[in-house]
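Here, each number is a calculation from the coordinates, and none is a lab measurement. All figures in this text were calculated on a predicted structure; none of them were measured in a lab. Quick reminder, even Gly has a Cβ in these numbers, built from the backbone with ideal geometry, and neighbours come from all protein chains shown.
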Amino acid sequence: MLVAPKGQGHKLREAYVAGGGLPGLIAIEGPDQEDTLELALAYARACGALKGGGFLSTFREEAVSDQFGEQAVLCGGLVELIEAAWEVLVDRGHSPEVAYFECLHEVKLIVDLIHEHGIDGMRQRISTTAAWGGLQAGPRVIGPESRRAMKELLERIEDGSFAREFLDVQSDGGERLRQEIARKAEHPIVGTGHGLREFLMQCRLDQTSGADQREERK
């Protein structure tokens, strides 16, 4: 039996506390599938997955697609794309802060539009310059070489190569993983991000404080 909410644990908790839930995949195998499905649906209902939308899947489909999405887009491809674009702008003389805004900070704005309205809906809600530029540039950035790399990633997941690699990496208690994360944290975009987020947070605090003071004067 598998119940897999599509999101991180803390996001699942936030949605549950707010009375909602995240979409979830449900899979069952083996005998007594009718009873097992009933139990799986009960678990999904209890954690809010049915409120977010439940979908029947298989163990293999969930595991393979989940790892592929993480590697090709969410935690691998997207991060490398952001860092590479930031480096290109900074190398051409743009300030690290402006490059951060353009290549990382605004990602959430576009993702929110896609999440709510779909890719086509996003294109209808951005400027015509951004829409045309994106349509022309996208296939250049994600061309045949990138697609071949994605297929190779998928093959490594499907044939078990990635699983064996991950088990080997974890054989030292996760030290290699911690070292690699620490190495990537030395990228200059990380320091730029820390400084900008602190500044933006202070701006929000100052706005809140100013609003409170104006309310008190009333």
Take the Cα atoms of region 65-192, find their three principal axes, and give me the spread along each one in whole Å, biggest first. 50, 32, 28
Tally Lys and Arg at +1 and Asp and Glu at -1 over the other residues with C-beta under 15 Å from the C-beta of Leu154: what net charge comes out? -4
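Please sort 42-53, 109-120 by packing, taking for each peptide the average over its residues of neighbouring beta carbons within 10 angstrom, highest first. If you can, show how the numbers build up before the last one.
Values: 42-53: 17.1, 109-120: 11.8.
Packing proxy ranking, top to bottom: 42-53, 109-120.
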Positive end of the dipole of the chain, charges at C-beta (+1 Lys, Arg; -1 Asp, Glu), about the Cα centre: which of Pro5, Met150, Gln136 has its Cα farthest in that direction? Gln136
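Can you give the extra length, in nm with one decimal, that the chain gains between His115 and His187 once fully stretched, where that is 0.36 nm per residue apart less the Cα-Cα distance?
Additional length available on full extension: 23.0 nm.
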Give the aspartates and glutamates reachable from Lys108 as a straight Cα distance under 18 Å; neighbours fewer than 8 places away on the same chain don't count. Glu70, Glu80, Glu83, Glu97, Glu116, Asp120, Glu198
Around Glu145: net Lys/Arg minus Asp/Glu count, Cβ-Cβ under 13 Å: +3
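Per DSSP helix of 4 or more residues, -39500 (n - 2.57); summed, then divided by the residues of the chain. What does that give at 222 nm, rounded to the nearest 500? Before the final figure, lay out the partial values.
Details: 12 runs with 155 residues, N = 218.
Rounded to the nearest 500, the figure is -22500 deg cm²/dmol.
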In Å, what Rg and Dmax follow from the Cα atoms of region 2-57? 11.2, 36
Among (1) 20.6, 64; (2) 29.6, 99; (3) 21.9, 71, the entry that matches Rg and Dmax of the Cα atoms in Å as calculated here: (3)
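Assigning unit charges at the beta carbon (Lys, Arg +1; Asp, Glu -1) and nothing else, what dipole magnitude in debye, to the nearest 20, does the chain show about its Cα centre? All intermediate terms of the calculation are to be shown ahead of the outcome.
Numbers: 25 positive and 36 negative charges, 158 e Å.
In debye, rounded to 20, the chain gives about 760.
Want the number for Asp91 to Leu41: 0.36 nm per residue separation, take away the alpha-carbon distance, what's left? Before the final figure, lay out each step's value.
Details: separation 50, 0.36 × 50 = 18.00 nm, distance 5.27 nm.
Length gained, Asp91 through Leu41: 12.7 nm.
Counting other beta carbons within 10 Å of each residue's own, what order do His194, His105 fall into, fewest first?
On the way: His194 10, His105 15.
Fewest to most other Cβ atoms nearby, the residues stand as His194, His105.
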Along each of the three principal axes of the Cα atoms of region 82-151, give the extent in whole Å, ordering the values from largest to smallest. 34, 30, 20
